Amino acid sequence: MDILGEILKQVLEGAAQQQAPQRAPQPQQRPQQPPQGMPSPDDLGEIFKQIFGGGSAQKLPEVVKQFEEKGLRDEVDSWVRTGPNKPVSRRQIEDVFGQRELDDIARQRNIDRERLAEVLSRYIPKIIDELTPSGQLQARR
């Protein structure tokens, strides 16, 4: 079961709907490509599967632990629990995952590392929130 894929699809569709009022679609317009250096939706799907351990998000407890070990327990708790999600910055994402790991991911996908960290900072809280609908993390360490 690819639960992460379904959640990512919902998160990306929600983000697209938030951006839609900015510009009405033009007739016969080609599908919009992401800006240079930004990950495509397909890239994002693969990146999040890599981070979370596949479509079943089996590495979720490890990802949460990484954030907690970097002093972001309050932020992670807000994502897991019900209620508003606290934001996380690009720099905090770089601290949690390390510049080397982000460089490797960015290089594999031919995207900019700083833009990757920015995108991760926007979507990881939403994804963890969606992966924990009951407000609890299974097998939390």
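Inside the stretch 90-111, can you point out the residues that are out of contact with any Leu (no Cβ under 8 Å at 6 or more places or on another chain), in contact (Cβ under 8 Å) with a residue 24 or more places away in the chain and under 21 Å from residue 131 (Cβ atoms)? Within the stretch 90-111, none qualify.
Just to verify a result, which residue in the stretch 107-122, among those that are part of a helix (DSSP H, G or I) and among the charged types (D, E, K, R), is nearest to residue 75 (Cα to Cα)? Break it down into steps so the answer makes sense when it comes.
Start the filter on the stretch 107-122 by keeping residues that are part of a helix (DSSP H, G or I), which leaves 107-109, 113-122.
Remaining after also requiring among the charged types (D, E, K, R): 107, 109, 113-115, 118, 122.
Values: 107: 28, 109: 28, 113: 22, 114: 21, 115: 21, 118: 16, 122: 13 Å.
Checked the stretch 107-122; the qualifying residue nearest to residue 75 (Cα to Cα) is 122.
Of the residues contained in the stretch 63-76, one or more are found to be modelled with pLDDT of 90 or more, within 19 Å of residue 131 (Cα to Cα) and in contact with a Pro (Cβ under 9 Å, 6 or more places away or on another chain). As a summary of the residue check, residue 137 satisfies the conditions (1) assigned to a helix (DSSP H, G or I); (2) over 16 Å from the mean Cα position of the chain (by Cα) except for the one numbered (1).
With respect to residue 12, determine if the residue is in a helix (DSSP H, G or I), closer than 23 Å to residue 132 by Cα, of a type outside the set (Gly, Ala, Ser) and at pLDDT 75 or above. For residue 12, the condition - in a helix (DSSP H, G or I), closer than 23 Å to residue 132 by Cα, of a type outside the set (Gly, Ala, Ser) and at pLDDT 75 or above - is not met. Checking each residue in the stretch 40-65 for being among the small types (Gly, Ala, Ser) and in a helix (DSSP H, G or I) picks out only 45.
The values are calculated or read from the model by the stated rules, or taken from the named source; none is laboratory data. All values derive from a computational prediction rather than experimental measurement. Reconstructed Cβ throughout: ideal geometry from the backbone, glycine too, with neighbour counts over all protein chains shown.
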